[in-house]
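Undergrad: The structure that follows is given in the form of structure tokens.
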Amino acid sequence: MPLPIDAYREGYEKARRDTLGGLAAEVMMGMMRDDPGGDFAAGYRDGAAGKKFNPPSQRPHADAELNPLDDKIAIKICCPNCGAIDWFEWKFLGKLTDPVCGYSWYVDSATYTLQQIRASIQFGGKMAKYLSPGKSGEQGAWIAEILAQFTGRTLGTGARLMYGLIMVPIQAAVRLFHAKQKTA
């Protein structure tokens, strides 16, 4: 199955070459063509109308404001290979892969550090939620709630931050080694 841009290009070029008879045949028989995304038909319409070559975007998440990758951690960043801004799934040590051009790279250390801090704060919130007692109307329950929130956030954030402090230099070394391997 061709890529969407290839199907669009094929339809566009066919429409530019076709004569009046070819256009009529495409109108009659075009509905029988296997074109799941409609990219060939879109290219054919644009080519027949004399419009400029303008293929559909291959990046369905590029315009999304919030993370469109379900429950996965993702970051909106520019691909260093093709220069496209899109959402990329976050992998171990900040490795990102562009699904369109196939380029893989590691994020810079500042971005990785910020992601570690974000994860630490999130873990602190989860720990505080875990330690919080159930809602009860007892006297002094608000004190237990405050103590549980403080203890959970402090211990959770601190524990996860320790992991982040260990991982930041490791990620930096892996990133440098990966960059040297790509240039060699």
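The values are calculated or read from the model by the stated rules, or taken from the named source; none is laboratory data. Keep in mind that this is a model prediction, so the values were computed, not measured. Quick reminder, even Gly has a Cβ in these numbers, built from the backbone with ideal geometry, and neighbours come from all protein chains shown.
Undergrad: Condition (residue is in contact (Cβ under 8 Å) with a residue 60 or more places away in the chain and of a type in the set (D, E, K, R)) applied to the stretch 126-140: is it met by at least one residue?
TA: no
Undergrad: Still on this structure, I have one more. Mind checking which residues of the stretch 91-146 are over 24 Å from VAL174 (Cβ atoms), in contact with a Ser or Thr (Cβ under 8 Å, 6 or more places away or on another chain) and either of a type in the set (Asp, Glu) or not in a helix (DSSP H, G or I) (or both)?
TA: Within the stretch 91-146, just GLU145 meets the criteria.
Undergrad: So, of the residues in the stretch 148-184 that are surrounded by 13 or more Cβ atoms within 10 Å (Cβ to Cβ) and among the basic types (Lys, Arg), which turns out to be farthest from TYR103 (Cα to Cα)?
TA: ARG153
Undergrad: Would you pick out the residues in the stretch 91-125 that are at pLDDT below 90 and either in the same structural domain as LEU176 (by TED's automatic domain parsing) or crowded, with 16+ Cβ neighbours inside 10 Å (or both)?
TA: Hits for the stretch 91-125 are ASP98, VAL100.
Undergrad: If you don't mind, another one. From the list GLU145, GLU138, pick out the single residue that is farther than 14 Å from LEU93 by Cβ, surrounded by fewer than 13 Cβ atoms within 10 Å (Cβ to Cβ) and acidic (Asp, Glu).
TA: GLU138
Undergrad: Which one is modelled with the lowest pLDDT, of the residues in the stretch 36-63 that are among the acidic types (Asp, Glu) and within 22 Å of PRO99 (Cβ to Cβ)?
TA: Per the stated criteria, the residue is ASP63.
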